[in-house]
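Please treat every number below as a calculation from the coordinates, not as lab data. Everything numeric in this text was worked out from a predicted model, so none of it was measured. Using ideal geometry, Cβ is built from the backbone for each residue, glycine included, and neighbour counts are taken over all protein chains shown.
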Amino acid sequence: MLSLKSVHHIAIICSNYERSKIFYTHVLGFSIVKETYRVGRDSYKLDLALNNLYIIELFSFPHPPARPSGPEATGLRHLAFSVEDIVASIAALEQKGVACEPIRVDELTGKRFTFFADPDGLPLELYEG
């Protein structure tokens, strides 16, 4: 029997490594666990943690194809982050130049949420609660 324990990490390929590194660390507040330059692949691998929990591997590769975000495509739809106060979280993002969609209410849970995008247009969600 397969016994999954949890999600170990999420891998993200970016088009501009320095821009995405700044976004995920300075804007979203992830901490750097380890940064590795892989000569054979001419790419970086940046291990990122949130609240001391390893969660994202940020990769750079030379000339990656663009990811379709709109219209919605098959595959991973978005990443969602839990927040205590969605209004304060939106204000913090907007102070750093990140635009958020208007707050919506999940009709199934009654919880508030919004979407914004990373530098490559990857949809990210804030979910209150």
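Things worth noting here:
- First in segment 4-21 and closer than 14 Å to Pro65 by Cβ, second anywhere and among the acidic types (Asp, Glu) and in a loop (DSSP other than H, G, I, E, B), Cβ under 6 Å, 6 or more apart: Cys14/Asp120; Ser15/Asp120
- Residue in segment 82-93 that is closer than 16 Å to Leu122 by Cα and touching a strand residue (DSSP E or B) at 6+ places or on another chain (Cβ under 9 Å) present: yes
- Among the conditions (1) loosely packed, with under 13 Cβ neighbours inside 10 Å; (2) of a type in the set (S, T, N, Q); (3) under 17 Å from the mean Cα position of the chain (by Cα), Ser20 misses just one, which is (1).
- Reported count of residues in segment 45-67, each being assigned to a loop (DSSP other than H, G, I, E, B) and either of a type in the set (Val, Ile, Thr) or under 14 Å from Gly29 (Cβ atoms) (or both), is 2.
- Any pair with Cβ under 7 angstrom, 6 or more apart, that starts in segment 29-44 at a residue that is without any contact (Cβ under 8 Å) to a residue 12 or more places away in the chain and ends at one that is of a type outside the set (Ser, Thr, Tyr) and part of a strand (DSSP E or B): Thr36/Lys45; Arg38/Lys45
- Among residues of segment 94-114 being closer than 24 Å to Tyr17 by Cβ and touching a strand residue (DSSP E or B) at 6+ places or on another chain (Cβ under 9 Å), the one that is surrounded by the most Cβ atoms within 10 Å (Cβ to Cβ) is Val98.
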